[in-house]
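These notes are about the structure you will find just below.
The values are calculated or read from the model by the stated rules, or taken from the named source; none is laboratory data. Everything quoted here is computed from the prediction, not taken from an experiment. Cβ sites come from the backbone with ideal geometry, for glycine too, and all protein chains shown count toward neighbours.
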Amino acid sequence: MKGYTPPVSSEPAVDSAMREALALSLNGRGGAFPNPMVGAVVLGNGDGGSLVVGRGWHGCCGGPHAEAVALDEAGELARGATLVVTLEPCCHTGRTDPCVERIISSGISRVVAAMADPDPRMDGRGFEALRAGGVEVEVGLMAEEAARLNRVYLHYKRTGRSFLHLKLAATLDGRIAARDGSSRWITSGPARARAGSMRAEAGAVLVGAGTVLTDDPSLLPPEPQSPAYCRLVAAGRRPLPAGAKVFDRRARTVVAHPGESRPYWVPEGVDTLPLPEGPPGLDLHALLEGCASLGVGEVLCEGGAALATSLVSEGLVDRLSFFTAPALLGGEGLPVFGPLGIGSISEALEIEDARIEILGCDVLVEGGIVHRPG
């Protein structure tokens, strides 16, 4: 990587500033995409270099960058100060001027960054430009935390797709609904509250046509919701009733469908996303690329077994949240997954970085699915 310097022994004030910058970056969740979430803190020379004189974050795409906001607040106190930032400052001109130029002209003497920006226009070039301008640069402080918080952006830069978070809720025997299709409520109140917070953190929630027809969900997050929040329906060729709750005007709704022509049954005021066909009716790779083009960084899938099975089979699940309730529905119930082409235990899909949490009487397991090549 260009311009990389291993992190030096950090001072407590810089550690504290980086933790604050990481927390500040979360203010950009839902609004910054397709840009990264970035937080910045300016440490002035007072109190031995531990005095915070400026703070900032990147709130929305096209808005001022975190570094510029923090430097505006610091003013003349930025001269000789340290800028602590969660991502490499930009060196290219886009909707805003390059942050590197602003940092150099402000008189900042040192920049401590958590990680480089994988954007091919950057990838260390921002650090090189800072050094050329006489600024000391250190990279790598709390890099893992920064990468975790910006996983949606990093995934988008790597794949061109939205980050797919699959949420499932099932009984102890792996059933998501009873024989009659009823599934409310498999999990307890605390588990449903956590699921609601997942909606609030995502840019969109995705279901298939079957879920709309069976459950008629509103797919709304807890209030208040982001103005950019979107409800996505992977409809295939199945008509949906105009009176479905997902078509109300309380949030934006997008119907993904095969072919170029707008389906006749889609109500006025509802957007559409034409896609190529593929299992289970739509090309799911194209669906997630289309979501990214709509400005959706993270998609939370709450669909049924068919959609979940296809997403797992295609290797498109970037994070899994699986709620298990202490109940049994037996063989008559609907299984959480269809066939995945697994013939032996050695072929089982494993969950990496698994985290387990107890929510009321339910168990939540979260992690990433390890997909074996081939």
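Among the candidates E277, E357, which residue alone is acidic (D, E), outside the structural domain of M37 (by TED's automatic domain parsing) and within 23 Å of V233 (Cβ to Cβ)? Of the residues listed, the single one that is acidic (D, E), outside the structural domain of M37 (by TED's automatic domain parsing) and within 23 Å of V233 (Cβ to Cβ) is E277.
Out of the residues in segment 60-70 meeting the condition of being touching a Gly at 6+ places or on another chain (Cβ under 6 Å) and over 18 Å from A13 (Cβ atoms), tell me which one is surrounded by the most Cβ atoms within 10 Å (Cβ to Cβ).
At the first step, the residues of segment 60-70 found to be touching a Gly at 6+ places or on another chain (Cβ under 6 Å) are 60, 66, 69-70.
Still in the list and also over 18 Å from A13 (Cβ atoms): 60, 66, 69.
Details: C60: 14, A66: 31, V69: 21.
So, considering only residues that are touching a Gly at 6+ places or on another chain (Cβ under 6 Å) and over 18 Å from A13 (Cβ atoms), the one surrounded by the most Cβ atoms within 10 Å (Cβ to Cβ) is A66.
Just to check your reading of the model, which residue among A327, A306 is surrounded by 14 or more Cβ atoms within 10 Å (Cβ to Cβ) and within 22 Å of L240 (Cα to Cα)? So that I can check it myself, show each step before the final result.
Details: A327 fails: within 22 Å of L240 (Cα to Cα).
A306 is the lone residue from the list that is surrounded by 14 or more Cβ atoms within 10 Å (Cβ to Cβ) and within 22 Å of L240 (Cα to Cα).
Here D318 passes the criteria (1) over 16 Å from V152 (Cα atoms); (2) touching a residue at least 60 places away in the same chain (Cβ under 8 Å) except the one numbered (1). For the structure I just gave you, tell me whether L328 is touching a residue at least 12 places away in the same chain (Cβ under 8 Å) and touching a Ser or Thr at 6+ places or on another chain (Cβ under 8 Å). So L328 passes the test.
Residue count for segment 117-176 satisfying the condition of being of a type in the set (A, V, I, L, M) and either farther than 17 Å from L26 by Cα or more than 24 Å from the chain's Cα centre (by Cα) (or both): 15. As a summary of the residue check, E289 satisfies the conditions (1) crowded, with 19+ Cβ neighbours inside 10 Å; (2) at pLDDT 95 or above; (3) more than 18 Å from E366 (Cβ to Cβ) except for the one numbered (1). Could you list, in sequence order, the residues of segment 181-219 that are under 29 Å from G259 (Cβ atoms) and either aliphatic (A, V, I, L, M) or not assigned by TED's automatic domain parsing to the domain that holds V299 (or both)? The answer is A202, A204, V205, L206, V207, A209, V212, L213, L219. Of the residues making up segment 38-45, one or more are part of a loop (DSSP other than H, G, I, E, B), modelled with pLDDT of 95 or more and either under 20 Å from V137 (Cα atoms) or touching a Gly at 6+ places or on another chain (Cβ under 7 Å) (or both).
Look through R192, R199 and report the one residue that is within 22 Å of V363 (Cβ to Cβ), of a type outside the set (F, W, Y) and free of Cβ contacts under 8 Å to residues at least 12 places away in the same chain. Outline the logic, then answer.
On the way: R199 fails: free of Cβ contacts under 8 Å to residues at least 12 places away in the same chain.
Going through R192, R199 in turn, just one is within 22 Å of V363 (Cβ to Cβ), of a type outside the set (F, W, Y) and free of Cβ contacts under 8 Å to residues at least 12 places away in the same chain: R192.
Can you find even one residue in segment 107-117 that is touching a residue at least 24 places away in the same chain (Cβ under 8 Å), farther than 17 Å from D15 by Cβ and among the basic types (K, R)? Within segment 107-117, none of the residues are touching a residue at least 24 places away in the same chain (Cβ under 8 Å), farther than 17 Å from D15 by Cβ and among the basic types (K, R). When T272 is tested against the conditions (1) crowded, with 17+ Cβ neighbours inside 10 Å; (2) in contact (Cβ under 8 Å) with a residue 24 or more places away in the chain; (3) more than 25 Å from C361 (Cβ to Cβ), the lone failure is (2).
Taking segment 179-217 as the search range and keeping residues that are in a loop (DSSP other than H, G, I, E, B) and basic (K, R), which one is surrounded by the most Cβ atoms within 10 Å (Cβ to Cβ)?
Step one: of segment 179-217, the residues in a loop (DSSP other than H, G, I, E, B) are 179-188, 202-203, 216-217.
Checking the rest, the ones that are also basic (K, R) come to 179, 184.
Working: R179: 12, R184: 9.
Ranking the qualifying residues of segment 179-217, first place goes to R179.
Within segment 218-254, if we keep just the residues that are closer than 15 Å to G290 by Cβ and in contact with a Lys or Arg (Cβ under 9 Å, 6 or more places away or on another chain), the residue that is surrounded by the fewest Cβ atoms within 10 Å (Cβ to Cβ) turns out to be R252.
Regarding E145, is this residue touching a Pro at 6+ places or on another chain (Cβ under 8 Å), touching a residue at least 24 places away in the same chain (Cβ under 8 Å) and among the acidic types (D, E)?
It is false that E145 is touching a Pro at 6+ places or on another chain (Cβ under 8 Å), touching a residue at least 24 places away in the same chain (Cβ under 8 Å) and among the acidic types (D, E).
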